[in-house]
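All remarks here apply to the structure that follows.
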Amino acid sequence: MKQLFRDVDGGPLCPEGSVACIGAFDGLHLGHRALVGHATERARALGLPLATLSFEPLPREFFAPDAPPPRLMLPRARAEGLFALGADLVGLLRFNRAFAAMSPDGFAQRVLARRLRAREVWVGPGFRYGNRRAGDLGTLQAAGERLGFSAGEIAPVMLDGGRVSSTRIRAALVAGDFTTAARLLGHAYAIGGRVVRGRQLGRTLGFPTANLRFRGKVPALQGIYATRVHGVGDAPWPSVSSFGTRPTVDGIEPLLEAHLFDFDGDLYGRRIEVEFVARLRDEEKYPDLPTLVAQMDRDAAQAREILMHTSQRATA
């Protein structure tokens, strides 16, 4: 049975023991998949559940609330992805002031030993933890000797002469290089969520959209894109999407708006996934709605042309 938990303290979640792995897991790229895959193999070999530990908000978001790093995925998608990779328990631990002040030994004792009864703990290269990032692999191994678990790290996953990282993926997305982003991720970049009601302005302009909120997080990309929407029909649905704050209509919150070509149906409340295929242009502010509509017509035509000549993604 899959279990999601948020709290540091509480009764043991794995009374018979567990194998744990720890990481930010933003994007679940090839490096993350290697870490979770290795931990999954160890858990199955020992006959123990696999617990993956991450944090929400991410530490860099907590420490830089006025300039948070762009996020590749939302918390729900991260948890669902970790479960799909083999996790039996996913911890999205509440990263708050008390958690940030926790010493490395406190984390090892309260979370790894007491909460998870960990027997093995696996981390990625350069792992740091605890107050002021004082803990590293050596600290973790020393704690494990006292508390009854072993700790190890996996080798870095390299691609094109560099380490696979969320930072590289963000840079590729900003540049509109979805081919490189997909190679680093192991699949095409996409954002999933439940369709919400917007202002329905697009419908009045002849461009009805399926809208996804990014839940107060800073997205890793912004602009107008050729996209495909998954979860609507038997095959991915060609579309053109805007991801931004909609400056022409004085929007504030980042919103992903996907216009599905030749689609007639109600998607409100449905979970969909928007796959990004190609970047068309920056988001711009136009002097009036007719000018905006004329540009939307051009965007739609360009997106249709690109999608006709771009193969669909392989299943991740």
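Annotations
- The set of residues in the range 57-75 that are more than 10 Å from the chain's Cα centre (by Cα) and either aromatic (Phe, Trp, Tyr) or part of a strand (DSSP E or B) (or both) comprises PHE62, PHE63.
- In the range 132-185, the residue that is farthest from the chain's Cα centre (by Cα) out of those that are among the basic types (Lys, Arg) and under 30 Å from ARG281 (Cα atoms) is ARG163.
- Residue list for the range 260-316, filter: assigned to a strand (DSSP E or B) and touching a helix residue (DSSP H, G or I) at 6+ places or on another chain (Cβ under 7 Å): PHE276, VAL277, ALA278, LEU280
- Residue check, ARG78 buried (at least 20 other Cβ atoms within 10 Å of the Cβ), charged (D, E, K, R), in a helix (DSSP H, G or I) and outside the structural domain of GLU275 (by TED's automatic domain parsing): yes
- Boolean, PHE243 is at pLDDT below 95, surrounded by 21 or more Cβ atoms within 10 Å (Cβ to Cβ) and outside any loop (DSSP other than H, G, I, E, B): yes
- Criterion violated by ASP26 - all others in (1) surrounded by fewer than 20 Cβ atoms within 10 Å (Cβ to Cβ); (2) modelled with pLDDT of 95 or more; (3) not aliphatic (A, V, I, L, M) satisfied: (1)
- Summed over the range 123-182, residues that are assigned to a loop (DSSP other than H, G, I, E, B) and closer than 30 Å to ASP105 by Cβ total 15.
- Consider the range 37-56 and keep the residues that are crowded, with 24+ Cβ neighbours inside 10 Å and more than 17 Å from ARG76 (Cα to Cα). The one that is farthest from the chain's Cα centre (by Cα) is ALA43.
- Scanning the range 261-287 for residues that are free of Cβ contacts under 8 Å to residues at least 24 places away in the same chain and more than 26 Å from ALA77 (Cα to Cα) turns up ASP262, ASP264, PRO287.
- Residues within the range 3-14 that are at pLDDT 95 or above and farther than 15 Å from GLU56 by Cβ, tallied: 4
- Sole residue being touching a Lys or Arg at 6+ places or on another chain (Cβ under 6 Å), assigned by TED's automatic domain parsing to the domain that holds ILE154 and part of a helix (DSSP H, G or I), chosen from PHE99, PHE83, PHE107: PHE83
The values are calculated or read from the model by the stated rules, or taken from the named source; none is laboratory data. Because the structure is a prediction, the values reported are computed rather than measured. All Cβ positions, glycine included, derive from the backbone under ideal geometry; neighbour counts span all protein chains shown.
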